[in-house]
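Reading through the structure tokens given below for one structure.
Read the figures in this text as sums done on the coordinates, not as results from a lab. Model, not experiment: these values are computed from the prediction. Neighbour counts are summed over all protein chains in view; Cβ atoms, including those assigned to glycine, are modelled from backbone coordinates with ideal geometry.
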Amino acid sequence: MGDFMLFEISPRLVNEYKVKRYQDGVKPATINREIACLKKAFNLAYREWEWLRENPVARVNMEKEENKRDRWLTYDEELRLLNKSPDWMRDLIIFALNTGMRLSEILTLKWDQVDLNRKILIILNSKNGEKRGIPLNEVISEKLRVKSKIRSIKTNFVFYNRDHRQFNKIVVSHKFAKIVKRAGIENFRFHDLRHTFATRLVQSGVDIYRVSHLLGHKDLKITQRYSHHYPESLRSAVEVLSVTNLSQSENYGKINYL
């Protein structure tokens, strides 16, 4: 749209842009982010600078997104992934699987956010803008204890590159994709480790409310997208009815399920 004047931008033109992006193979979520950015820019021109009489993007519908992603790591895949990973990547993977932290949260983690005595760390800049505490299990507590004994005096980051600087998120994601391919694992991203964390908790019987707090979600519906059950993990739930039914039968002699 760089060849148009502001007043020439219309809802029809924005919709044509959306069609073009679909032809480029872009997904609805990406298109919505681009339209949202454009809408924000026009709001600035319309409301604050008064360059326009209206925001043309405000009359353009957002695309329907399919956000559900049913992918988590099996234990066999985890073993293959760790075996193909260099030590620094193994640390990141194990950390994600045991804390549910986002890659950006892991890469920006500093030692002053870690309390090994209380076995807790504090996320200062979470996606929803709020602080959250994450309890550390024994795996992560021990890993951090070991790292704390050999920590570099050149940086306060828990995880850092060869130059003692913060890892670049894009570079890490790119290298992770290569490792996934070498491990023979399909359709798996680093963010799916967070998905795996939530799924394993729910399958182990941890209630969705606690999982939601651990992930830092404000909306329980978001957590439900991350957590899945498999049939065997649900068996304990239906077995409760077996116990209840037998108890009723023994006490009152009115019901016979056998």
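Here, region 43-193 is characterised by an Rg to Rh ratio of 1.10, where Rg is the alpha-carbon radius of gyration and Rh the Kirkwood radius. Its relative contact order, with pairs defined as Cα atoms under 8 Å and 6+ residues apart, puts region 96-188 at 26 percent.
Computed over region 6-59, the Cα gyration tensor eigenvalues convert (square root of 5λ each) into semi-axes of 23, 12, 7 Å, ordered from largest to smallest. Computed packing ranks the peptides 51-64, 91-104 as 91-104, 51-64, most packed first, by mean other Cβ atoms within 10 Å. Remark: region 19-25, residue by residue, has Karplus-estimated 3J(HN,Hα) of 4, 4, 5, 5, 5, 7, x Hz, where x stands for each Gly or Pro and the curve is 6.51 cos²θ - 1.76 cosθ + 1.60 at θ = phi - 60°.
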